[in-house]
Amino acid sequence: MSLYLLKWLRKAISFQGSAKDSTSTCADAVPMFVSNVRHAQPFVAADHSEVRLLVDRLNVGIASVSLAHATVAAGSETVWHCLENTDEIYFVLSGSGLVFVGSETRAVGSGDTVWIPAGVPQKIRNLGRDPLVFLCACGPAYAPECDKRQVRP
């Protein structure tokens, strides 16, 4: 396990341990938010994938995490890019492809989860005839200014 991953896990565990215990009272001041991918407005992201923001800084105001639905068309791929100071997790819903993270390449398909450390160059290529569809979680929440184009690592 990489040193970076160990540090990230340690940070996540310490955050979890600092949360209120289940016997304490939680505030009701913040309403629940529900979004549906069918109602989210699609746009083409800087990496050339089609993205629908589900939970993010704009619709909820949350800064710690965001969730998006992304699609890479058949025969397409995103451009090399990295997210500065933002970890990213992909969960593949359908399709098949290759994920490039730094100098590593892995085949992915439905049900696979990929962790992409902050600042590491990445791209994803659709190898199939159908769209490659995945959920993308970012922590802290995605912000356009963190998305930097990269040349191949």
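Provide Rg and Dmax in Å for region 43-149, with only Cα atoms included in the calculation.
In order Rg, Dmax, the Cα atoms of region 43-149 give 12.6, 37 Å.
With a cut-off of at most 13 other beta carbons within 10 Å, and DSSP calling the residue loop, which trypsin sites (Lys or Arg not before Pro) in region 75-140 qualify? Please list them. Provide the component values of the computation, followed by the final result.
Values: sites: Arg106, Lys123, Arg125, Arg129; in loops: Arg129.
Those satisfying the criteria are Arg129.
Distance between Cα centroids, region 26-88 to region 108-142: provide it in whole Å.
Each part's Cα centre sits 12 Å from the other's.
Compute the Rg to Rh ratio over region 86-153 from the alpha carbon atoms, using the Kirkwood formula for Rh, and round to two decimal places.
Working: Rg = 11.9 Å, Rh = 12.4 Å.
Here Rg/Rh amounts to 0.96.
Values quoted throughout were computed directly from the atomic coordinates according to the rules given, and no laboratory measurement underlies them. Source: prediction; values computed, not measured. We place every Cβ from the backbone using ideal geometry, glycine too, and count neighbours over all the protein chains shown.
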